[in-house]
Amino acid sequence: MKDLIWYDVFLANMHDKYPKKTQLVDELVKLLCIEKEAVYRRLRKDVHFLAHEIVTIASTWNISLDAIFGVNSGLIPFQLQPINYLEPTKKEMFNFQQKIRALEHFKTAAESEYMEVCNKFPRPLITTPAFKNLHRFKIFNWAFLYNNEEPYMRYSDAVIPAKVSHEFEIYNKLIKKVSNTNLILDQKVFEYIVNNIQYYHSIMLVTDEEKALIKKELYSFLDYLMKIANYGCYPETQKKVNIFISNLKITTNYSYYYTEQLKSCRIHAFGKFDICSYESKMVNNFKNWMDLKKRSSIQISEVNEKSRIDFFMQQRQIVDSL
């Protein structure tokens, strides 16, 4: 490889993340804590980014150093991105905000896709502000299973910090700007959450009053989901949504984002964590694999009215049993 070609590749990757130069400069100033002029000198190649600066940028913005330096290990890089949603560290909060701000690209992208295959309520729906109790229950369930600091936390103790809730609201607005969304749900998705609520209620971590509040939101969630299925779009943005019900059990939750400039695929691990890859070949593989999942699923949005009505009647009966 010719001298400094890797540096041009590195600069090109940064420009892919932030095509507007002023935005790129502002983000680098915040990330590296250096002056604007120092950033401009590095971008003009008057001087080079220091080694620790390159590592910081690459790790924060998910830029593959293997690809930049021309290393072909034959391996696809994945990253686990953990965060304590109840007590995030400063670094966790920064990374969380960076991931969400990257989705601002959906506002201006000519075409964009999001797809999620799940046995839990899809993220674009559960983070809707109208379902705060349901989303809080999801965070509580994660904390009970994976937060060692509070092994016997009650639902009432699972208070999502305002700064985290604010980021979820931003995420929800941005994800609903995607041009085309496909959601494939496990046919027992409501049964799973009702069983969880009943379990926590049985061991007195969820009170009668809290269970009643969550149940009320489950009915509202059903109404919201049915509205999307009837019209084939988000009511807030009118962006296209296709909803499918899988005939086969979904054991692993996964998703992808896809635009010309923003590509990522994610395996949803440990309740709320993501194992991510931004490698183009892997993202394309995910797209192909997930599209194949439609073969064992029934579309209930807009078409197939009988299947849609049957599905929602069954889910309402499940919620009634709570």
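The values are calculated or read from the model by the stated rules, or taken from the named source; none is laboratory data. Predicted model only: the values in this text are computed from it and were never measured. Here the Cβ positions follow ideal geometry from the backbone for every residue, glycine too, while neighbour counts run over all protein chains shown.
Here are the numbers:
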| item | result |
| --- | --- |
| Within segment 237-264, tally of residues that are more than 15 Å from the chain's Cα centre (by Cα) and closer than 19 Å to L292 by Cβ | 10 |
| From T89, T127, T108, residue being touching a residue at least 12 places away in the same chain (Cβ under 8 Å) and within 25 Å of Y18 (Cβ to Cβ) | T127 |
| Candidates R266, R316, R295 - the one that is touching a helix residue (DSSP H, G or I) at 6+ places or on another chain (Cβ under 8 Å) and either in a helix (DSSP H, G or I) or not small (G, A, S) (or both) | R316 |
| Residue within segment 209-217 that is surrounded by 14 or more Cβ atoms within 10 Å (Cβ to Cβ) and touching a His at 6+ places or on another chain (Cβ under 7 Å) present | yes |
| Hits in segment 158-170 - residues which are farther than 21 Å from L218 by Cα and either surrounded by 15 or more Cβ atoms within 10 Å (Cβ to Cβ) or not hydrophobic (A, V, I, L, M, F, W, C) (or both) | P161, K163, V164, H166, E167, I170 |
| Number of positions in segment 271-322 that are of a type in the set (G, A, S), over 18 Å from L185 (Cα atoms) and crowded, with 16+ Cβ neighbours inside 10 Å | 1 |
| Selection status of Q261, farther than 25 Å from P82 by Cβ, of a type in the set (S, T, N, Q) and modelled with pLDDT under 90 | yes |
| Where a residue in segment 297-308 is free of Cβ contacts under 8 Å to residues at least 60 places away in the same chain and its partner, wherever it lies, is among the polar types (S, T, N, Q) and in a strand (DSSP E or B), with Cβ under 9 Å and at least six apart | I298/S246; Q299/N242 |
| Selection count where residues are assigned to a strand (DSSP E or B) and among the hydrophobic types (A, V, I, L, M, F, W, C), scope segment 82-123 | 3 |
| Selection within segment 177-204 - touching a strand residue (DSSP E or B) at 6+ places or on another chain (Cβ under 9 Å) and surrounded by 18 or more Cβ atoms within 10 Å (Cβ to Cβ) | V178, T181, N182, L183, I184, L185, D186, Q187, V189 |
| Residue tally, condition at pLDDT 85 or above and exposed (fewer than 14 other Cβ atoms within 10 Å of the Cβ), over segment 137-155 | 1 |
| Residue among V39, V29, V25, V9 that alone is under 24 Å from S264 (Cα atoms), among the aliphatic types (A, V, I, L, M), modelled with pLDDT of 85 or more and under 32 Å from the mean Cα position of the chain (by Cα) | V25 |
| Residue match in segment 260-270 (condition: aromatic (F, W, Y) and buried (at least 17 other Cβ atoms within 10 Å of the Cβ)) | no |
| Residue identified as at pLDDT below 95, in contact with a helix residue (DSSP H, G or I) (Cβ under 8 Å, 6 or more places away or on another chain), among the aliphatic types (A, V, I, L, M) and farther than 30 Å from I63 by Cβ among L248, L225, L218, L213 | L248 |
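Quick grid of which residues meet (1) in contact with a Pro (Cβ under 6 Å, 6 or more places away or on another chain); (2) within 17 Å of K120 (Cβ to Cβ); (3) hydroxyl-bearing (S, T, Y):
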{"site": "N182", "(1), (2), (3)": "no, yes, no"}
{"site": "V194", "(1), (2), (3)": "no, yes, no"}
{"site": "I214", "(1), (2), (3)": "no, yes, no"}
{"site": "Y224", "(1), (2), (3)": "no, yes, yes"}
{"site": "Q238", "(1), (2), (3)": "no, no, no"}
{"site": "N242", "(1), (2), (3)": "no, no, no"}
